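Below is one structure, written out as structure tokens; the observations come after it.
The values are calculated or read from the model by the stated rules, or taken from the named source; none is laboratory data. Since the model is a prediction, treat every value here as computed from it, not as a measurement. All Cβ positions, glycine included, derive from the backbone under ideal geometry; neighbour counts span all protein chains shown.
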Amino acid sequence: MINRIKNMLSSGPASEPEAERERIQVATCVLLLEMAFADEEFHAMEDQLIRDLLQDKFHLSEESVAELIELSRRERKESLDTYTFAREINDNFTREEKMELMESLWRIVYADGVLDKYEDYLVRKLANLLRLSHREMIGAKVKVLEEVRER
């Protein structure tokens, strides 16, 4: 799987549905990792949350999720910004899917129970890059906070 994803990322536009699906998976994973690292503390609960989110969203095995995270960490490290990954999401996700991703980003923010100023900045930036309105971003936040309170 890793070799396929590497080839897909280094090539031009995806010509196969499989390659496009893998690009979307990497883009999603990078954005989730970016949020998890925003406060410069990567907690075990954030790691598990990301694994669960990827497994549920893309119906991947634990092994495939581990490979995807490994590759996405490298892509994140080599990337200059999040625009490329957000563009991939915009090109392939419906508004509803982007809202689900925004909710996932808020879940990562509140995994440790604290909204850090860097997380706050990043979630707003990503909402903008994903072409979501302020109202949609806040709606996702409120939904996640209600889930947190119910626990």
| request: Name every residue in the range 64-83 that is assigned to a helix (DSSP H, G or I) and without any contact (Cβ under 8 Å) to a residue 24 or more places away in the chain, in order of residue number. | output: 65, 66, 74, 77, 78
| Could you give every pair whose Cβ atoms fall below 8 Å, whose first residue belongs to the range 17-29 and is farther than 17 Å from residue 52 by Cα and aromatic (Phe, Trp, Tyr), and whose second residue is assigned to a helix (DSSP H, G or I) and at pLDDT 95 or above, counting only separations of at least 6 or pairs across chains? | none
| Considering residues of the range 73-92 that are in contact with a helix residue (DSSP H, G or I) (Cβ under 6 Å, 6 or more places away or on another chain) and closer than 20 Å to residue 16 by Cα only, the residue surrounded by the fewest Cβ atoms within 10 Å (Cβ to Cβ) | 92
| task | Could you list all residues from the range 126-146 that are under 15 Å from the mean Cα position of the chain (by Cα), surrounded by 15 or more Cβ atoms within 10 Å (Cβ to Cβ) and either among the acidic types (Asp, Glu) or part of a helix (DSSP H, G or I) (or both)? | result | 126, 127, 129, 137, 140
| Across the range 48-72, which residue is farthest from residue 28 (Cα to Cα) among those that are surrounded by fewer than 19 Cβ atoms within 10 Å (Cβ to Cβ) and hydroxyl-bearing (Ser, Thr, Tyr)? | 61
| said: Looking at (1) surrounded by fewer than 16 Cβ atoms within 10 Å (Cβ to Cβ); (2) under 13 Å from residue 31 (Cβ atoms), which one does residue 102 not meet, given that it meets all the others? | reply: (1)
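Yes or no, residue by residue, for (1) at pLDDT 95 or above; (2) of a type in the set (Phe, Trp, Tyr); (3) within 15 Å of the chain's Cα centre (by Cα); (4) in a helix (DSSP H, G or I):
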| residue | (1), (2), (3), (4) |
| --- | --- |
| 13 | no, no, no, no |
| 20 | no, no, no, yes |
| 29 | yes, no, yes, yes |
| 33 | yes, no, yes, yes |
| 40 | no, no, no, no |
| 49 | yes, no, yes, yes |
| 99 | yes, no, yes, yes |
| 102 | yes, no, yes, yes |
